[in-house]
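Input: a single structure, listed below in structure tokens.
Laboratory data are not the source of any read-out in this text; all were calculated from the coordinates shown. Here the structure is a predicted model, which is why all the values come from computation and not from measurement. We place every Cβ from the backbone using ideal geometry, glycine too, and count neighbours over all the protein chains shown.
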Amino acid sequence: MQQLNVSLSIPIPADQVLISKIELEELRKQELSGVYWNMKDLEKRTNKGQQWLKENLLYKPRFKKELDCKSGGFVYYPEVRGETWSFHAGKMAKFLDKNFHLIFNGR
């Protein structure tokens, strides 16, 4: 069997770097670690309005128990008028990815 050895040089632009997938995942985790979203952030991330999010996600019994910080979750539900929502960004992003099919299926 014949074999051909080739040396190939590929230039990488000065404004870009190559990193391993493991490093990329670590950077993504760090990006959302210690970061909190408000309702506007959640609206932007899901491309859904506040009313839709409340009806289809935040106040749905199947999700609220897992989400509510009072039951060990990562969402602060305002208790009085004027308080703001608070979402642990990393955990909320993971929850949205994991439950996408349930949240956006409309059931």
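Ordering 1, 39 from the fewest to the most neighbouring beta carbons within 10 Å gives 1, 39.
For each pair in 21/65; 21/60; 21/64; 21/54; 44/65, compute the distance between the two Cα atoms and list the pairs where it is over 31 Å. Kindly include the intermediate steps, with their values, before the conclusion.
Working: 21/65 34 Å; 21/60 36 Å; 21/64 33 Å; 21/54 35 Å; 44/65 23 Å.
Correct reply: 21/65; 21/60; 21/64; 21/54.
Note on the chain: GNM, Cα springs under 10 Å; of 57, 24, 96, the largest mean-square fluctuation is that of 24. Highest GNM mean-square fluctuation among 17, 35, 75, for the chain modelled with Cα contacts below 10 Å: 17. Can you compute the label reach from residue 21? Point 7 Å from Cα along the Cβ direction, backbone N cut-off under 19 Å, restricted to segment 66-107. Under 19 Å, as judged by backbone N against the label point of residue 21, lie 98 of segment 66-107. Per the Kirkwood formula applied to alpha carbons, segment 34-103 shows a radius of gyration over Rh ratio, Rg over Rh, of 0.91.
Rounded to the nearest 20 debye, the dipole magnitude of the chain is 600 debye, with +1 charges on Lys and Arg beta carbons, -1 on Asp and Glu beta carbons, and the Cα centre as origin. Of the residues 10, 85, 34, the one whose Cα sits farthest toward the positive end of the charge dipole of the chain, with +1 on the Cβ of Lys and Arg and -1 on the Cβ of Asp and Glu, is 85. The label-point distance for residue 9 and residue 71, in a model that sets each label 7 Å from Cα toward Cβ, rounds to 6.2 nm. For the chain, a Gaussian network of Cα nodes joined below 10 Å ranks 16, 51, 30 by mean-square fluctuation, and the top entry is 16.
Evaluate the relative contact order of segment 1-87 (contact order divided by residue number), counting alpha-carbon pairs under 8 angstrom at least 6 apart; express in whole percent. Spell out each step's value before the answer.
Working: 49 pairs, mean separation 17.8, N = 87.
Computed value for segment 1-87: 20 percent relative contact order.
Full extension of the chain between residue 81 and residue 99 yields a length gain of 3.6 nm, computed as 0.36 nm times the residue separation minus the alpha carbon distance.
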